[in-house]
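Contents: one structure, followed by commentary.
The values are calculated or read from the model by the stated rules, or taken from the named source; none is laboratory data. Everything quoted here is computed from the prediction, not taken from an experiment. All Cβ positions, glycine included, derive from the backbone under ideal geometry; neighbour counts span all protein chains shown.
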Amino acid sequence: NAGVTQTPKFQVLKTGQSMTLQCAQDMNHEYMSWYRQDPGMGLRLIHYSVGAGITDQGEVPNGYNVSRSTTEDFPLRLLSAAPSQTSVYFCASSSDKSDGYTFGSGTRLTVV
Amino acid sequence: SQQGEEDPQALSIQEGENATMNCSYKTSINNLQWYRQNSGRGLVHLILIRSNEREKHSGRLRVTLDTSKKSSSLLITASRAADTASYFCATDKGGYQKVTFGTGTKLQVIP
């Protein structure tokens, strides 16, 4: 009954470092998405996937890469972290049979 | 730019009162959803309304959709302190492939 699991919960990076935010779901959902949430900005879509091997860009994809090699996992890679990427990151999944997204609990990232 | 915008940005009411939040969006949609977010936590799905529906109920929640005005409203009746949270609308143009969120309404229910 895990739902959507995000790791880590907190991370501090130095400018220029790279890292991967992990997201895994155990509901066999075909759709997965990454969002970032900044104060006053709501949630903005970074990348999304409609199934294994298929990904596409959202509203704010620059500086981020994704891949979807399995149905369960959808990692988000920061290639060279910048202070502007300080944010809370949410992963979410859904399927045609569900009635909305299931969200993970988020990763709070600070880039110094 | 974001598809949806909620109005008001913040709302403070007394417990027992009704709370109404509005969402306006820019382009045609297939589905509109409402989510709740308690401080520092992930979002929780509340209700989905399809573009061919005009009103939907779920417990104390009532959602309306007016596609001609590109707007939706969320009504929470008989509010409780536990309803204190931020509320977001989200829209898509088909399935869940590319769901975009509004900026949210912060609701405070005073006991």
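Worth a mention:
- Within the stretch A:48-74, considering residues that are more than 10 Å from chain B (Cβ to nearest Cβ) and in contact (Cβ under 8 Å) with a residue 24 or more places away in the chain, the one nearest to B:Thr103 (Cα to Cα): A:Val60
- Hits in the stretch B:58-111 - residues which are assigned to a strand (DSSP E or B), within 17 Å of B:Gln37 (Cα to Cα), of a type in the set (Ser, Thr, Tyr) and within 10 Å of chain A (Cβ to nearest Cβ): B:Ser86, B:Thr100
- Unmet requirement for A:Ala81, which otherwise passes all of (1) surrounded by fewer than 16 Cβ atoms within 10 Å (Cβ to Cβ); (2) in contact (Cβ under 8 Å) with a residue 40 or more places away in the chain; (3) over 12 Å from the mean Cα position of the chain (by Cα): (1)
- Filtered residues of the stretch B:16-35 (kept if farther than 21 Å from A:Lys97 by Cα and assigned to a strand (DSSP E or B)): B:Ala19, B:Thr20, B:Met21, B:Asn22, B:Cys23, B:Ser24, B:Tyr25
- Test result for A:Ala24, out of contact with any Lys or Arg (no Cβ under 9 Å at 6 or more places or on another chain) and not in a loop (DSSP other than H, G, I, E, B): yes
Results for (1) among the acidic types (Asp, Glu); (2) at pLDDT 95 or above; (3) closer than 18 Å to A:Val50 by Cβ; (4) in contact with a strand residue (DSSP E or B) (Cβ under 6 Å, 6 or more places away or on another chain), shown as yes or no for each residue.
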{"site": "A:Arg77", "(1), (2), (3), (4)": "no, yes, no, yes"}
{"site": "A:Cys91", "(1), (2), (3), (4)": "no, yes, yes, yes"}
{"site": "A:Gly100", "(1), (2), (3), (4)": "no, no, yes, yes"}
{"site": "A:Val112", "(1), (2), (3), (4)": "no, yes, no, no"}
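- Of the set (1) over 15 Å from A:Ser84 (Cα atoms); (2) surrounded by fewer than 23 Cβ atoms within 10 Å (Cβ to Cβ), all apply to A:Ser33 but (2).
- Number of the exception - A:Ala52 against (1) over 26 Å from B:Lys106 (Cβ atoms); (2) loosely packed, with under 14 Cβ neighbours inside 10 Å: (2)
- Taken as a whole, the structure leaves B:Gln9 outside the set of residues that are surrounded by 17 or more Cβ atoms within 10 Å (Cβ to Cβ) and touching a residue at least 40 places away in the same chain (Cβ under 8 Å).
- Matching residues in the stretch A:1-21 - criterion: being at the interface with chain B (Cβ under 10 Å from one of its Cβ atoms), outside any strand (DSSP E or B) and under 26 Å from A:Val112 (Cβ atoms): none
- Any chance A:Met32 is in a loop (DSSP other than H, G, I, E, B) and either more than 15 Å from the chain's Cα centre (by Cα) or in contact (Cβ under 8 Å) with a residue 24 or more places away in the chain (or both): no
- Tally, over the stretch A:84-111, of residues that are assigned to a strand (DSSP E or B) and touching a His at 6+ places or on another chain (Cβ under 6 Å): 2
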